[in-house]
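Pasting a structure below so you can have a look.
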Amino acid sequence: MKKIAILGSTGSIGTQTLEIVRENPDLKVTGLAAGSNAALMEKQIREFGPDTAVMWSEKAAAELKTRISDLKTNVLCGMDGLLELAAMDGYEVLVTAVVGMIGIRPTIAAIESGKTIALANKETLVTAGHLIMPLAKKHGVSILPVDSEHSAIFQSLNGEDPGRISRILLTASGGPFRGKSRQELSSMTVEDALKHPNWSMGKKITVDSSTLVNKALEVMEACWLFGVGLDQIQVVVHPQSIIHSAVEYVDGAVIAQLGLPDMKLPIQYALFYPDRRPMKGEKLDLFDVATLTFERPDTETFRGLSLGLRAAGEGGSMPTVFNAANEKAVALFLNRQIGFLSIAELIEQCMDHHRRVENPDLEQILQAEAETYEYIESIKA
């Protein structure tokens, strides 16, 4: 019996993780954490019976306690609750599927407690990779990627010498706006941005896919996960989303992982690594696919990617500012307070304003995030 806990259980990755639990009786959920959806959390608790549940919102935690007053599940709240869940005994794998930098401190707590990390939270490594990776090494903890692209790279590296990597080919669907001009992008709405052609994801990550910010975050994450330089990663637009990424080795061989766009595959691979389990669902038929195409990314039109690569190159606290500015800009866009092109404009303003810290500690990372939010509030006032 393998015991797991899930941060972000009511979101897209969290609910798909629970689907895998349903299909594998030797998985047991001991802890769940979510933001404010107490109704869905109640359903999850009644089905999976975790010992501990955490709600980010105090109001939601109070509501959940009332909803499950007949059960023994312990309800906690806020960051203190997340840290307690992350560090508690009685489970082996923490699935980190929360959105944003909220995931950093619980991930650190779980690593220090010897937990395997199934990582679906990009921001943890984007902003604090220089802290997380050495800590995981110190405690002998595995960080297993759940993102489809990073899982594909991880699978393509299996059995190979990482020192023989020539470059990583990081694929991107291009999102819903692939091929559009900046003039066309200026009129794109929230509804347009949420119509991803291939993947079913949460709102924030879907918007990030439409701006290509998501791919910039993935580049930064890949550098930390696989110990490669920025110059060893090439972003390749692959509209069919069949090749999820690939690794080119020094002899010219390219090894790729292919499959239909389904997040359950990388989630399940991380949960059972190094084993592979049968999984229900449609399988890849290359005759149906017929054609695979590849394009260079348009970084002039989709400036989110070029700004992210700039942040990665500058390093230090700049990736934190890039990430924090994007989080706030996407929230403003989803609330219809700014237009689509203003997302990248706001990110650039924040990066230009920031005084970079070379090797930030956790406090300085969180301070850079807070200062970025404050700066956006000041220029939007």
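The values are calculated or read from the model by the stated rules, or taken from the named source; none is laboratory data. The structure presented is a predicted model; accordingly, all values stated were derived computationally and were not measured. Reconstructed Cβ throughout: ideal geometry from the backbone, glycine too, with neighbour counts over all protein chains shown. Note: accessible area is taken over every heavy atom of the protein model, side chains too, but ligands, DNA and RNA are not part of it. Shrake-Rupley method; radii C 1.70, N 1.55, O 1.52, S 1.80 Å.
What is the gain in length, in nm to one decimal, between residue 291 and residue 47 on full extension, counting 0.36 nm per residue of separation less the C-alpha to C-alpha distance? Please list the in-between numbers first.
Values: separation 244, 0.36 × 244 = 87.84 nm, distance 4.22 nm.
Full extension of this stretch gives 83.6 nm more.
Once ligands and nucleic acids are excluded and a 1.4 Å probe is used, how much of residue 154 is accessible, expressed in Å² to the nearest 10?
Roughly 50 Å² of residue 154 is accessible to a 1.4 Å probe.
Can you list the HN-Hα couplings for the range 77-86, worked out from phi with the Karplus curve (6.51, -1.76, 1.60; θ = phi - 60°), rounded to whole Hz and with x for Gly and Pro?
Working through the residues one at a time gives 9, x, 5, 4, x, 4, 5, 5, 4, 4 Hz.
For the range 144-269, with all protein chains present and a 1.4 Å probe, just round the carbon and sulfur fraction of the accessible area to a whole percent.
Exposed carbon and sulfur together represent 49 percent of the surface.
Excluding residues fewer than 8 places away in the same chain, name every one of the lysines whose C-alpha is closer than 26 Å to that of residue 283.
Correct list for residue 283: 195, 215, 264.
Right, another one. Give me the percent of the accessible area of the range 1-46 that comes from carbon and sulfur atoms, probe 1.4 Å, all protein chains in place.
The nonpolar share, carbon plus sulfur, comes to 51 percent.
Which FRET efficiency, nearest 0.05, do residue 359 and residue 80 yield, Cβ-Cβ r, R0 25 Å?
0.35
Over all pairs of distinct alpha carbons, what does the Kirkwood formula give as the hydrodynamic radius of the range 184-227, in Å?
11.5
Right, another one. If you take the alpha carbon radius of gyration of the range 250-319 and divide it by 2.2 N^0.38 Å, what ratio comes out, to two decimals?
1.62
Please arrange 187, 9 by accessible surface area, largest first, computed with a 1.4 Å probe and ligands excluded.
The ranking, largest first, comes out as 187, 9.
Right, next: Counting only GluC sites (Glu not before Pro) that are in a DSSP loop and have at most 12 other C-beta atoms within 10 Å, tell me the longest site-free stretch of the chain.
1-281
First obtain the Kirkwood hydrodynamic radius of the chain from its Cα pairs, then insert it into the Stokes-Einstein equation at 25 °C and 0.890 mPa s, and state the resulting D in µm² per second as a whole number.
D, rounded to a whole number, is 115 µm²/s.
If each of residue 184 and residue 112 carries a label point 7 Å out from its Cα toward its Cβ, how far apart are those two points in nm?
The answer from the label model is 5.0 nm.
Here's something else I'd like to know. Once all Cα-Cα distances of the range 9-89 are split into 10 Å bins that start at 0, what whole-number percent is in each one?
Final binned percentages: 20, 55, 25, 1.
Same structure again: Each label point is 7 Å from the Cα along the Cα-to-Cβ direction; what then is the distance between the points at residue 373 and residue 69, in nm?
Here the answer is 3.3 nm between the modelled labels.
Based on the Cβ-Cβ distance from residue 283 to residue 26, what FRET efficiency comes out when R0 is 30 Å, to the nearest 0.05?
Details: r = 23 Å, r/R0 = 0.77.
Efficiency computed from Cβ-Cβ geometry: 0.85.
If one puts a single equal scatterer on every Cα of the range 126-259 and applies the Debye formula without solvent, what log₁₀ I(q)/I(0) results at q = 0.14, 0.21 Å⁻¹?
-0.68, -1.26
Compactness ratio of the range 145-220: Cα Rg over 2.2 N^0.38 Å, N = residue count?
Details: Rg = 15.0 Å, N = 76, 2.2 N^0.38 = 11.4 Å.
Against the compact-globule rule of thumb, the ratio is 1.32.
Then there's this: What translational diffusion coefficient, to the nearest whole µm²/s, does the range 60-211 have by Stokes-Einstein, given a Kirkwood radius computed over alpha-carbon pairs, a temperature of 10 °C and 1.306 mPa s viscosity?
87
Less than 12 Å Cβ to Cβ from residue 262, Lys/Arg counted +1 and Asp/Glu -1: what total charge do the surrounding residues give?
Here the charged neighbours net out to +1.
Hey, another quick one. Please work out the average accessible area per residue across the chain, using the 1.4 Å probe convention, and give it in Å².
44
What 222 nm value per residue comes from the helices of the chain, counting each DSSP H run with n ≥ 4 as -39,500 (n - 2.57) and dividing by all residues, nearest 500 deg cm²/dmol?
When only DSSP H runs of four or more count, the value is -14500 deg cm²/dmol.
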